[in-house]
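S.K.: Once you've had a glance at the structure underneath, I'll fire off some questions.
The values are calculated or read from the model by the stated rules, or taken from the named source; none is laboratory data. Just so it is clear, the model here is predicted, and its values are computed rather than measured. FYI the Cβ positions are ideal-geometry reconstructions off the backbone, even for glycines, and counts take in every protein chain you see.
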Amino acid sequence: MKKTINTAVNFSIIAFTILLFGACTSDPDSSGYEYMPDMYRSPSIETYVDYGEIRGRENKDLKSKLSALTPPRNTIPFCGTDSTEVRLMLPNLRKANAAWKESHGFYGVDLSKDDEYLLAANDINPYKLTAANSASMMTNGKELFTAMCQHCHGEKGDGNGPMVASGAYVGVPAYATLTALSDGQIYYSIYYGKNMMGAHNSLLSKKEIWTLVHYVRQFQDPNYGKFDANGTAMKSVVADSTMN
């Protein structure tokens, strides 16, 4: 009996030693073999990753599966503890019109039967433009406009961007002709899309869209966003209650 126990113990020691050294590798970048990785290495799904093709291996069942899922309704991204920033990122007061379901692919979201675009005429830009932040806001606005809008609306906001010049799109208006639109209506058009323009709510944050609203206003009036030496806003033909 004792001999059997000793044999079992010796065998266990030898097996453990072989297992231990078998996990070693000469590759300095390798962690060795992992026998139970799920115990200490939590699996994660990264957004915008094509899991249908990893390391040269193709899995056709996953090729059409999205890794980026839509967040639960009425949730907002964590944007710090600044109350102004948090309020800026709260869910929209206005919803997409029911017609947007067909024209802009708004499925699985709350829609409205009212003319929300018309109601947005009363909405003002909550992102206040001041003498202190005007320069940085316009710089950020230009970067966003160049990346998201310029290809259709043109560098000068005249509606003659490369996509229009190529004949791919027509009817893009010049911003100079849209001075009657409120901040809320411009925001609504960017967020939900309008006519041929698609929705940008999945590409831009609310703060970024409100920044763009300020930026496109300067195409309508060269004095927009400019302040005198006393920090007073120069007179502008564009009405904006968020500008000092």
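S.K.: Within the bounds of region 83-98, is there any residue that is exposed (fewer than 14 other Cβ atoms within 10 Å of the Cβ), at pLDDT below 75, within 18 Å of the chain's Cα centre (by Cα) and not in a helix (DSSP H, G or I)?
M.R.: No, region 83-98 contains no residue that is exposed (fewer than 14 other Cβ atoms within 10 Å of the Cβ), at pLDDT below 75, within 18 Å of the chain's Cα centre (by Cα) and not in a helix (DSSP H, G or I).
S.K.: Could you please find all residues in region 195-213 being in contact (Cβ under 8 Å) with a residue 24 or more places away in the chain, in a helix (DSSP H, G or I) and either touching a helix residue (DSSP H, G or I) at 6+ places or on another chain (Cβ under 6 Å) or surrounded by fewer than 22 Cβ atoms within 10 Å (Cβ to Cβ) (or both)? Don't jump to the end; show me each part of the working.
M.R.: Going through region 195-213, the residues in contact (Cβ under 8 Å) with a residue 24 or more places away in the chain turn out to be 195-200, 203-208, 210-213.
Now restrict to residues that are in a helix (DSSP H, G or I): 206-208, 210-213.
Listed by number, the residues that qualify are LYS206, LYS207, GLU208, THR211, LEU212, VAL213.
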